[in-house]
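A.B. asks: Structure in structure tokens, see below.
The values are calculated or read from the model by the stated rules, or taken from the named source; none is laboratory data. Remember, it's a predicted structure, so these values are computed and weren't measured experimentally. Cβ placement follows ideal geometry from the backbone for every residue including glycine, while neighbour counts extend to all protein chains displayed.
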Amino acid sequence: MREFDFFDLNLTLGRPRIPKLRVETDAAVMKADLAAVGISGGLVRHMLSVEWHPTEGNAELSRTLEHTPAFEPVWAVLPHWTGEFPPPDDLARDMAANRVRAVIMYPQLHGFHVRPSVTGPLLEMLAVKRVLLLLPFVEADLGVVETIARNHPTLAVVVSDTPYSFARELYAVFTACPNVFVEISGYMVHRGIEDIVNRFGEERLVFGSRYPSYNPGCAVAAVLYARIPDDAKAAIAGRNAKSLIAKAVLT
């Protein structure tokens, strides 16, 4: 079987407030765990950014990944109106200084609505800078995703942590919004990867594993054993994600 270079968009470091079966805080251990199943790099979130505050978690994440350059930080972002988070122009400078090419939003958990008056300036900056936006499915349904994608057509939006049963709605959004992509770790529909590749092309799928909560070998196997050409597997494994983050303008 051909070997593929996997690049993982759904990695997490840090201790959660409620203990889980598997937690990882050490970037070197994460790197070794992932290398064992063929994952050579990826984008990493931090639990402090999720459960405490993005300002604290983002700083800790950048420190944690300082010596593992193959793994890049995914900063959690907030609207700036309360003064607790930098305004978009200042945030862009901070991101450039910390090689941040992808961000994630938690609207439900962090208590804000994704509408133009609230997140418009932030999303416009991300679109201009071509920064990749990750949105967990439980935080923003596909209606929200479609609105963001339509309002900001140069912004690539990746829906992560998906359920397996949303194809009827997803296919409509895929048709309407070429800048929407799906991270595969939760999309375990029978022959679901094959159907998306056949209908929309492999470029709409990106690899993620949900490490350490999930064994990363599961998502790797989903790609390796999919009934699609090897070039499509290579695209999903890493080429698509690397292409998306390579568009970021870090100036």
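A.B. asks: Does Ala226 satisfy the condition of being assigned to a loop (DSSP other than H, G, I, E, B), touching a strand residue (DSSP E or B) at 6+ places or on another chain (Cβ under 9 Å) and either touching a residue at least 40 places away in the same chain (Cβ under 8 Å) or of a type in the set (A, V, I, L, M, F, W, C) (or both)?
C.D. replies: no
A.B. asks: Mind checking which residues of region 110-132 are modelled with pLDDT of 95 or more, among the basic types (Lys, Arg) and either surrounded by fewer than 17 Cβ atoms within 10 Å (Cβ to Cβ) or not in a helix (DSSP H, G or I) (or both)?
C.D. replies: Correct list: Arg130 only.
A.B. asks: Please work out which residue is modelled with the highest pLDDT, limiting yourself to region 152-165 and to residues that are touching a helix residue (DSSP H, G or I) at 6+ places or on another chain (Cβ under 7 Å) and over 18 Å from Asn240 (Cβ atoms).
C.D. replies: His152
A.B. asks: Identify all residues within region 1-19 that are touching a residue at least 60 places away in the same chain (Cβ under 8 Å) and either loosely packed, with under 11 Cβ neighbours inside 10 Å or touching a Cys at 6+ places or on another chain (Cβ under 6 Å) (or both); write none if there are none. Break it down into steps so the answer makes sense when it comes.
C.D. replies: At the first step, the residues of region 1-19 found to be touching a residue at least 60 places away in the same chain (Cβ under 8 Å) are 1-2, 4-12.
Selection gives Met1, Arg2.
A.B. asks: Please determine whether any residue of region 177-191 is surrounded by fewer than 19 Cβ atoms within 10 Å (Cβ to Cβ) and not in a loop (DSSP other than H, G, I, E, B).
C.D. replies: no
A.B. asks: Only one residue in Thr82, Thr64 is out of contact with any strand residue (DSSP E or B) (no Cβ under 8 Å at 6 or more places or on another chain), among the β-branched types (Val, Ile, Thr) and over 20 Å from Leu133 (Cα atoms), so which one is that?
C.D. replies: So the residue among Thr82, Thr64 that is out of contact with any strand residue (DSSP E or B) (no Cβ under 8 Å at 6 or more places or on another chain), among the β-branched types (Val, Ile, Thr) and over 20 Å from Leu133 (Cα atoms) is Thr82.
A.B. asks: Another one. Quick check on my filter: what residues within region 198-223 are in a helix (DSSP H, G or I), closer than 16 Å to Asp5 by Cα and touching a strand residue (DSSP E or B) at 6+ places or on another chain (Cβ under 9 Å)?
C.D. replies: Answer for region 198-223, where residues must be in a helix (DSSP H, G or I), closer than 16 Å to Asp5 by Cα and touching a strand residue (DSSP E or B) at 6+ places or on another chain (Cβ under 9 Å): Glu203, Pro216, Ala219, Val220, Val223.
A.B. asks: A further question follows. Any residue that is more than 17 Å from the chain's Cα centre (by Cα), under 15 Å from Val37 (Cβ atoms) and modelled with pLDDT under 95 - is there at least one of those in region 178-189?
C.D. replies: No, every residue in region 178-189 fails to be more than 17 Å from the chain's Cα centre (by Cα), under 15 Å from Val37 (Cβ atoms) and modelled with pLDDT under 95.
A.B. asks: Can I ask one more? When you scan region 83-95, do you find a residue that is surrounded by 16 or more Cβ atoms within 10 Å (Cβ to Cβ) and farther than 16 Å from Ala248 by Cα, even just one?
C.D. replies: Yes: one or more hits.
A.B. asks: Restricting to region 133-173, count the residues that are part of a helix (DSSP H, G or I), in contact (Cβ under 8 Å) with a residue 24 or more places away in the chain and of a type in the set (D, E, K, R).
C.D. replies: The qualifying residues number 3.
A.B. asks: Next question, about the same structure. Being surrounded by 19 or more Cβ atoms within 10 Å (Cβ to Cβ), under 23 Å from Arg45 (Cα atoms) and among the aromatic types (Phe, Trp, Tyr): is that true of Tyr211 here? Before you say what the answer is, go through the steps one by one.
C.D. replies: Values: surrounded by 19 or more Cβ atoms within 10 Å (Cβ to Cβ): yes; under 23 Å from Arg45 (Cα atoms): yes; among the aromatic types (Phe, Trp, Tyr): yes.
In short, yes.
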